[in-house]
Each structure stands twice: as C-alpha cells, then as structure tokens.
Amino acid sequence: EPEVTQTPSHQVTQMGQEVILRCVPISNHLYFYWYRQILGQKVEFLVSFYNNEISEKSEIFDDQFSVERPDGSNFTLKIRSTKLEDSAMYFCASTLRDVGAYEQYFGPGTRLTVT
Amino acid sequence: RKEVEQDPGPFNVPEGATVAFNCTYSNSASQSFFWYRQDCRKEPKLLMSVYSSGNEDGRFTAQLNRASQYISLLIRDSKLSDSATYLCVVERGHSSASKIIFGSGTRLSIRP
C-alpha cells in the first residue's frame, strides 16, 4: 500500500539554525500539507500546496517557514532560524482530492527538537 | 470559541462497551468532515469520512448534523485495540484553498 514517508524521523538542532524537513507524498496525489503537533497539544495546520504554489497557510506559517517541491517527488518544509517553540512533531500529508478521495494520508512525522 | 470542539475525555470503558464521541464546529462554511485516530506519538490515521446521510463501517458509525453543526462517532463492541485519541477534523473552503482544522481529540481507554 502506498504511503507518505518523512525524513529524518528525529532532528535535533540549535536555536537559530536552519532545518529542512523532507517528505515524499504518495505518487499520484496532487495536494500536499504540513502540520505540526506540539507535545500534548492538538494537530495544527501550517500550509497547503497545490500546483507548485502555496494555496493556504495559517498564522503560524510566518516568514521563517517556506515550502518547496524541488522535483516530482519531494516536498520540503524549511525553517530558516529555529526557535525553541518550534520544537514539535511535524507531519506531512497528501491527498488526491478526487471524487470519493478527499481524505488525507499522513506520514509518520519528524520530531524536531530545538535546543 | 474554538472552531472545532471535542470533549477531551479521557473515556475509560470496559471491553465490549459502546462509546460515543461528539464534536461541534463553529464555521457553517465547513464542507467535509472526518474522524481520525491517533495513537500515542504516531501520525493521525483516517478512521472514516462523515457524510450527511450518516455512514457505518463495521463497529463504527458516524453522523453529521449540519443544522446543529455537530458530528458524532459511535463505537460498538469496543476492543482493547480501540484505545487511542479520536480526532474530529473539519475542512472548510474548496479544493486548493481549503483549510483543515483538527479538534483537540478525545482520549479513549478500553480496559479488559
């Protein structure tokens, strides 16, 4: 069964450093998403991406964040200058968004720890 | 007021019991509705989509009441493996400009 994959599974970085989180969505999916979940809190929407551009973003997704689909398979989230409060689990998701296929499939997540 | 509200629980019920979760949403423009389950430190996994007519998948039944902006999930004959956090998820907007809102989740613990 096709699945969304994410690397690395755990990233430790120092405050102020840049990090890039990587995702490989399901191959025939067209819409891509990033979410974050701070430990013990709810899943929060960050950004959606379609047709090589951001289609929707939340107030969390400020200028420190960017997304890219550099080739036909990878979807990346970059945090330019990490802060302690960026420590969270980051989930990538994808969906086909066709009739009867609106559900999103999530990757296993990258745990980001900012020290 | 939160856009998607759920009772956080925890619900602690014996194996075999029937348990019901409720969820309310505040934005009447919401279009699509889902229940996901999340195991500890794992990714959310789709349990079922929720349709206006209601839908059933084995032991799970989901209902949507658009007039009351209310979604429910019923689990019958609960199993130990049903222990998880159940997330109510609402999507508003259309197509590429939609936004997904997660509820905070309801924790369920099934005891033997």
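The values are calculated or read from the model by the stated rules, or taken from the named source; none is laboratory data. As the structure is a prediction and not an experimental result, all values here were calculated from the model. Virtual Cβ from ideal backbone geometry, glycine too; neighbours counted across all protein chains shown.
Miscellaneous remarks
- Among all positions in segment B:60-79, there is no residue which is of a type outside the set (K, R), within 11 Å of chain A (Cβ to nearest Cβ), surrounded by fewer than 17 Cβ atoms within 10 Å (Cβ to Cβ) and over 19 Å from A:V47 (Cα atoms).
- Checking B:V13 against (1) part of a strand (DSSP E or B); (2) within 15 Å of the chain's Cα centre (by Cα), the condition it does not meet: (2)
- Those residues of segment B:47-59 which are surrounded by fewer than 16 Cβ atoms within 10 Å (Cβ to Cβ) and closer than 24 Å to A:V4 by Cβ, in sequence order: B:D57
- Members of segment A:1-43 that are at pLDDT 95 or above and acidic (D, E): A:E18
- Tabulated pairs, segment A:95-115, first within 7 Å of chain B (Cβ to nearest Cβ), second at pLDDT below 70 and in a loop (DSSP other than H, G, I, E, B), C-beta under 9 angstrom, 6+ apart or interchain: none
- Of all residues in segment A:48-95, those satisfying the criterion of being aromatic (F, W, Y) and farther than 16 Å from A:I38 by Cβ are A:F49, A:Y50, A:F75.
- Among the residues of segment A:3-29, those that are assigned to a loop (DSSP other than H, G, I, E, B), within 14 Å of chain B (Cβ to nearest Cβ) and surrounded by fewer than 16 Cβ atoms within 10 Å (Cβ to Cβ) comprise A:E3, A:S9.
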